[in-house]
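Values quoted throughout were computed directly from the atomic coordinates according to the rules given, and no laboratory measurement underlies them. Predicted model, so just to flag it, every value in this text is computed and none were measured. All Cβ positions, glycine included, derive from the backbone under ideal geometry; neighbour counts span all protein chains shown.
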């Protein structure tokens, strides 16, 4: 209800929320703090303001954010990969952790399709992993290839599993990312994959970014960390999505 109010009027004070919902100031401040921690709003002096569309943060910055959580998520995701699988790893810092863990697994033969230059370089020297690099226009903020050329190449491929990193995961809006071309390619990745696993640390929950990739009905599994809101996790499981807390 707090988020719905902020969507309609952009900002609200603690006193205003206390009067509207008939709860204590301590309760409201605690709610605002938790929503701010999850990335759903921005805390301000005496209240909160609506979070605007997420900026496209450079990958070097993203690598330092929630790093421990991403390592655990990457380990859990990599354990799902089986010999003979063809998987897609989209560009991103969480999927990069999956790539790092794949290097350590005793797998005989795996094919990895990726549009992430950093992921391709991580796996290029591993003999048992065949890397297919999707070409296209390189985005310097994410080291990812996007655009019509990337989409054309991807349409001719098929994958057993897609591991998809996102900038926002909202129960109503779905999966989102700041870049339109990235979103279009991610949507196509979902279409050419048999199984879709979203890898997202808890800070991505209840966040909305500019471009919608897909609704949650296209997701089979979500892997997140132990800071994820338990009620939201149960809500996602109620929608027949397997949720793994790493």
Residue 83/residue 191 FRET efficiency (R0 22 Å; Cβ-Cβ; nearest 0.05): 0.30
Largest-first principal axis extents, alpha carbons of region 1-50, Å: 24, 21, 19
Packing rank of 26-35, 174-183, where each peptide gets the mean count of other beta carbons within 10 Å, highest leading: 174-183, 26-35
Extension gain, residue 234 back to residue 180 (0.36 nm per residue minus Cα-Cα distance, nm): 16.4 nm
Reciprocal of mean inverse Cα separation for the chain (Kirkwood radius, Å): 18.7 Å
Whether region 47-159 is rounded, prolate or oblate, judged on the alpha carbon gyration tensor where a/c under 1.5 counts as rounded: oblate
Angle between the chain longest axis and helix 93-102 axis [Cα atoms, degrees, rounded to 10]: 40 degrees
Within region 59-245, percent of DSSP bridges classed antiparallel, to nearest 5: 30 percent
Shape category assigned to region 147-211 from the gyration tensor of Cα positions, a/c cut at 1.5: oblate
Cα-projected label distance for residue 1 with residue 130, points at 7 Å along beta-carbon direction, nm: 5.8 nm
Contour excess over end-to-end distance, with Cα ends at residue 108 and residue 36 and 0.36 nm allotted per residue: 21.5 nm
Inverse of mean 1/r across different Cα pairs in region 95-140, Kirkwood, Å: 10.9 Å
FRET E, pair residue 121, residue 21, Förster distance 41 Å, beta-carbon r, rounded to 0.05: 0.20
Degrees, to the nearest 10: 180-191 long Cα axis against longest axis of the chain: 60 degrees
Length gained when the stretch residue 64-residue 44 is fully extended (0.36 nm per residue, less Cα-Cα span): 4.8 nm
Cα-based helix-to-principal-axis angle, 25-37 vs the chain, degrees rounded to 10: 20 degrees
